[in-house]
Structure formats: C-alpha cells, structure tokens
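All remarks here apply to the structure that follows.
The values are calculated or read from the model by the stated rules, or taken from the named source; none is laboratory data. All values derive from a computational prediction rather than experimental measurement. Heads up, the Cβs are rebuilt from the backbone with ideal geometry, glycines too, and the neighbour counts pull from every protein chain shown. For accessibility, only protein heavy atoms count, side chains too; no ligands or nucleic acids. Shrake-Rupley method; radii C 1.70, N 1.55, O 1.52, S 1.80 Å.
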Amino acid sequence: MVLVGFGDDDLPHRAVVDSEDEDNQEHRLIRTEPRVDSFDVEALEVHGAHRSDYEDLGIARRIIHAFQTLGVVFGDVGTSPLYTFSVMFSKAPIKGDEDVIGALSLVLYTLLLVPLVKYVLIVLWANNDGEGGTFALYSLICRHAKVSLLPNQLPSDTRISNFILKLPSPELERSLKIKERLEASLTLKKLLLVLVLAGTSMVIADGVVTPAMSVMSAVGGLKVGVAAIEQDEVVMISVTFLVILFSVQKFGTSQVGLAVGPALFIWFCSLAGIGIYNLIKYDASVLRAFNPVHIYLYFKRNSVNAWYALGGCLLCATGSEAMFADLCYFSVRSIQLTFVFLVLPCLLLGYLGQAAYLTGNLNGAEKHPFFLSIPSGIFWPVLLIANIAALIASRAMTTATFSCIKQSSNLGCFPRLKIIHTSKRFMGQIYIPVINWFLLVGCLVLVCSMSSINEIGNAYGIAELGVMMMTTILVTIVMLLIWQLNIIIVLSFVVFFLGLELTFFSSVLWSVTDGSWVILVFAVIMFVIMYIWNYGSKLKYETEVERKLPMDLMREIGCNLGTIRAPGIGLLYNELAKGVPAIFGHFITTLPAIHSMIIFVCIKYVPVPVVPQNERFFFRRICPKSYHLFRCIARYGYKDVRKENHQAFEQLLMESLEKFIRREAQQRQLESDGDEDADSKEDTSFSRVLVDPNGSVYSLGVPLLAEFRGSSNSISEASISEEVNPSSPASPSISDAEHSLERELSFIRQAKESGVVYLLGHGDIRARKDSWFIKKLVINYFYASLRKNCRRGIANLSVPHSHLIQVGMTYMV
C-alpha cells in the first residue's frame, strides 16, 4: 500500500499533527470510496520515466557500441594471457607435461566458473537499473529494505517512480524475515555498509594495480625480441606508457573506446589465431585439460606449490569485476553476448595454444610463454597489438573506478569531487580529474617499487579477490531479499563461490610479505577516508536536525520574521531535509532585511539511478501562507547530471512551485467539499488518505487542530492556506479560493522578477572538549580537512558571485 496525500513529508492540508510527532498519534483506519480525482493520485503519474539510453539504437550504432564494449569492458580480462602462466609457473615450476596440463585445466575452469558463470550469467543481472558495482548493489538492497545508514533519507523517497516496489505476494514471504532482521539490527546495517566500503576501496586499489600489471607485462615482451633490453629499461618504458594512458583519459569513453575497440578486436583474433597455430604445430592433446581430473592430479603432484600457484591462476579472471562495474556504460545483453561469443572462445584458444607450446618447449619457456609462443614472422606486430591491448585493459578498471567513486560520492560515502561528463548522450560516461591523476601517481609508485611481475601479480590478486568476495556476499543478499530464490540455490551459490574465492585469497595472502602488502595499505587508507566522511556527514546531519528552529518560535516572530521583507526570492541551501535549519536564525538576526519569499532548498541524492524531472522537486509549505516560506527537496539519482545552469534550475523550480500551489488549492477545495458531509457525522476529525494501487482509498482519522492548540504537541509545519478560525465557515467560496490562488501566483511571479539570491549556509562540526581523543582527531582534523578540500554542492550550479550570500555556523558535537 502506497501512502500518498498528506503523509510524513507530503503535500499540505489545512491542518495536521507535526510529521515528527505522527508516530505517537492514534490513527483510525476507515474504509472510504475511491477518489479517482485525488490530487495525490495525479501526483504519482509519471510521464517521463527513465529509459535506457540504448533502446533506440540502430544496427550501425549497435556495431559501434560492440567495438566500444571491447575497448572499455573487456580489455582487462583480455590481456590476462600475457602474464597468467608466467606468474603460476614462477611459484610452481614445471616438472613435466602433466604439470602443464594440470595448470591449464585449473586456468580453464577458473575462467569458466568466475567470469562466465558467476559474473556474466548471474551477477550482471543484479544491476540497479543498469548500474553495476558494489554501491549499486547496496542501493538496490536499500530500495527493498530500510537498511540505509546514509544521511538525508526520508520515507517520501520511496514514492519516486523508479523506487516504487511491487505489491506483496506469496513469493515475497520467504524474504520477509530476512528483511525484518536487517531493518531491526543496527549492527547488521553497519556491517553491510562496512562491506560496501571495503569492496569500493578494493575497486580503487584495483584501479591502481591493473594498469601497472597490464603495461609491465606487455612491455616485458621486448626482452624476448631484443636480448639487450634490461628490466630497468622495461620500467622506464612502462612509466612513459602509463603517463600517456592517463593523459588521454579525459577525452572520454566514447571517443577512446571507439578508437581502441578495433585494436582490441584484432588482439582477440590474434589470441585465437596463435592458439590454433600452436595447437596444430605442437600438441593438440592439451585439449584433455577440459577433464577436471587433471586439477586433482596437479595438486597431488605439487601439493603446497600448487596451492601457491592459485594466486597466479586467479589472474586469468581479472577484469571480471570491471565487467560489472562498467555496466553503466553498456547494456547487460551486449556484454553477455560479446563475452560468450567472442571474448571467451579467444581466451580459451589463447591458453590452449600456450600450453601446447610449453609441452614441446619446457626449458626456460615458462618465463614468457605468450611471447615465446608467437610465430617469429608476426612477433613484432603482435607485440605492438599486445601493448595497445594492455593500455586498453588499464582503461577498463580506471573507468570502473570512476563509476564506483561517483556512486559512493552521491550516496554520501566519499568527498565530493569534480566530475566531467564526457558524453552528451550517455550520462554514465564520466571522467574525474583528481582520481585520474591520483591513480597515475599510485601506478608509478607501484611500478617503480615493484619491478617484478610476480610481486605485482600477487598484489593484483589481493585487490581483485577483495572485490569479488564483497560482491558475492552482496549478491547473496539480493538473491534472498529481492529475487527470493530457493534457499538451496542461494546456499549453493554462496558456499561454492565464496569458498572458491577464500581458497584463492588464502594463497595470495601467504605471499603478502613480498611487497604486495602495499596494495592492502592503500585499500585501508581509502576505506578510512570513506568511513570518516560517512561518519562525519551523518553526525553533522543529525546535529542539524537536533538544532533546527522550533515552529512555535517561527510563528511568534510573525510573518515579517522580525525584520523587513524585501522583494525577491531567497534560496537558502542547506543539508536539512526536514524542518527549518538553525542557520536561518543567523540570517534573520544579522541581515537588515530578508527576501519576501524564502525557499529552503536541500539537494540530496536518493538510491535510484535517475529521478524524473517531474518528480525532481518535493515542496512543502512552512507556516501560514502569509509567511511565504517553503521547503524544497531537490532529489537526484546517482546517475543524474548535476551540472546545470542556474537560470534553468530557477525556471524549473518556479514552474514546479506553481504546480504545487495549484494542486494545493485544488486539494483544499476537495477537502472543503468533503467537510460539509464529514462535519455532520463527526465534528472532531478530518481525513487523511491512504490510496493503495488497486484504487481502494482509506482514511486515517486525526483529531482537529483546535484540540492541539493548548497541548504540548507542536503544530504541523505543513501548510495552512490561511489562519484557520474555528468559528469561521468550513470552506470559502470557489471564487474566493480562485482569487486567493491567483493573488499568490502573482506574488510569486513578481518576486521572481525582482531577482533570485542564493543564501548558502555552511555548517561545520567540531568535537566537544570533553570528547575522546580519537573523536577529536577524526572530527577536528581528518573530517574537517576532507570537507575543506572537497567540492561544494553549489559548484554544480553556475551562479554569479553577485547572487551569493554565505553564512557559516559551527556545531559542537
């Protein structure tokens, strides 16, 4: 049942108990006749719901996007043949052909189970309206259960069209207990958020180690073609390539993806061609590696060394998480088809070909098996394509990192940064300059400090497995809570894949002392930054809620707010979603005049990808009509483009306000018509309405405002069109209502013509003197430093400085 009309923070009515006290009131549920003309039903109609950017593409555009998919999504997993066998055999040296067959079998089944079965066939479907990644999974779970610990979230957010859920059905009963358990336990909510932050920090760490590994392994092929090349020269060339790679990142996914897509297509064709050539020339019997018995025999012969080799084996599945995180750039179906019919067959042939070559060339070939298996006549062209493919692979994880950071920033878990949208058509294609150069510095440090491919490969495995395990846990929750799958299927998924990933993780952790601990330290630092930002933001918001101005005080001040009301509109920006912010008191006490109309604007993100424009603004009147005070919540999804011209923003805001006032007047008229019959039956109550999706309407009986005038309960912030006189008639005439409406709309237009000024309230927090030392350190230094250096929310609007007034306020917490 969907609550519309006058609930929590919804549209106003003549008088109502304050929303914050509603839970303490006793309501009576009364069945009424359907009201098809209800304003609230009309308010829920959505005509501009978000559609996929890929629905209207023609055949030519689909082919172009197929090449872009190769260049953006599959570069990482596509270059794994460059280093997988070399890292494996450095930990478990080859003793005979059977070791090659066993290692190949291990690689083949890892490739089939992790990228194909887990990600392509299962995880990709756990997307949040086309958005992938750990935060997309978290948002998806938050849409179906009240587990969010993010600030600024309101029950009204669930009434956004992209947020509305299906009605309960028998299939949902299996998930109700899990949902109730999650919603009731604060510990589980915190644990869920910690898992998401840990997964995101591993994605960022993966964005550092992927370019280093891919480029170093590709450039290392020069040592095969030119014997005089030393490792130092390989490092210097790799550094040059990395600088070039991150310098062209700003040109965007579409341009770069289209340019390098054909090159990666040639790379996959080269993998397949070289693999077929080696199978025919050397030993086609390696095909028996598809028999999983050879994995058992491999471990039986090599025992501990085979376990060490698992860390290298996992490298064949690197890039799996990038496929999911890069989902915002392309559709699920395009990624699945491209992987199954092009990427996977070429990778299988590439590994089979290397194994066939190794069976006939055991001496020294395990150091660079891929480059040594290339026919001499095409060595240099393939080396060139391999280096291009390595640069493409580096971009795959970089774009995934951009996407994850944007999601986490929009949901209050990462400091706000400048985000550039590189495509006018596809809003998911972004570039974050600060993160781009930060990743470059991290890559250069990693390459210069770890010159060995084996050490970098171990760090690569740690970062990749960390993300994989978090994804497995979150997808399991999705299966239980949202998909409502059979418990046997869910247990099979989590036990098998989490057990497999823990086995791999135990292998890479055993070698953490070889220098790969650096990537763990990096991930921990990113986790601490995100957790501190989330903790500080939540604490700041809760403090502002506690310090908000009482409505009784606002009414005592009067409609002039104790000062002169000058013509114009003041948009007071703050982070408070409910109530009048305390910082408004500073404005009315320090300024000689205040604008004739004040709108408290709270820009906040909700856990949906896109909010339709007709649902963008959520209005509510504060105090009586003569005060001309409104609260507006501008809601954005984490895929919404926030870079707006302030004039376009103002125009849309005013249009939405006028619609709100017109509908408010219509609703008052409907109520006044209904009150004539209601007063004869029950003089001490009026109706609040519950409308469920099947058209049935329920009424919640609430005591009249007059009964609460002398009580301690505060009166609602919700609008009252006029001062209500209990002795006055129940409703004005239609002509009086229309005249009042037109008078208010005319007042709004005149105020708009007088100009709009942005009143920015900057609230900061500091720990009290009696707080613990750790809290002082976190709040006064770490969080304060992050907030000082992050991007202000108003930066997304191109507002002239002459239209800005800023006031700061510090809260002691």
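Results, tabulated for the structure shown:
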{"quantity": "Listed residue (P369, S80, L498) projecting farthest to the positive dipole end of the stretch 68-517, Cβ model", "calculated": "L498"}
{"quantity": "Heavy-atom accessible area per residue - the stretch 68-517, 1.4 Å, Å²", "calculated": "35"}
{"quantity": "Gap separating the Cα centres of the stretch 441-464 and the stretch 392-417, nearest whole Å", "calculated": "20"}
{"quantity": "Amide H contacts of Y811 (H built 1.01 Å from N, under 5 Å, at least 5 apart or other chain)", "calculated": "D764, I765, R766"}
{"quantity": "Straight-distance crosslink candidates among lysines, where the alpha carbon sits under 27 Å from K367 and sequence neighbours closer than 8 are dropped", "calculated": "K91, K95, K223, K281, K300"}
{"quantity": "Proximal lysines relative to K189, as straight alpha-carbon distance under 17 Å, when same-chain residues fewer than 8 apart are discounted", "calculated": "K146, K177, K179, K538"}
{"quantity": "Value of relative contact order over the stretch 68-517, rounded to a whole percent, pairs C-alpha under 8 Å and six or more apart", "calculated": "36"}
{"quantity": "Cα gyration tensor category, rounded, prolate or oblate, for the stretch 68-517 with a/c compared to 1.5", "calculated": "prolate"}
{"quantity": "Interchain or long-range residues, amide H under 5 Å from F600's placed H", "calculated": "L572, F630, R631, C632"}
{"quantity": "Entries in K118/K418; K540/K625; K578/K625 that, when Cα-Cα distance is taken, lie over 29 Å", "calculated": "K118/K418; K540/K625"}
{"quantity": "Burial order of peptide ranges 355-362, 212-219, 279-286 (average beta-carbon count within 10 Å, highest first)", "calculated": "212-219, 355-362, 279-286"}
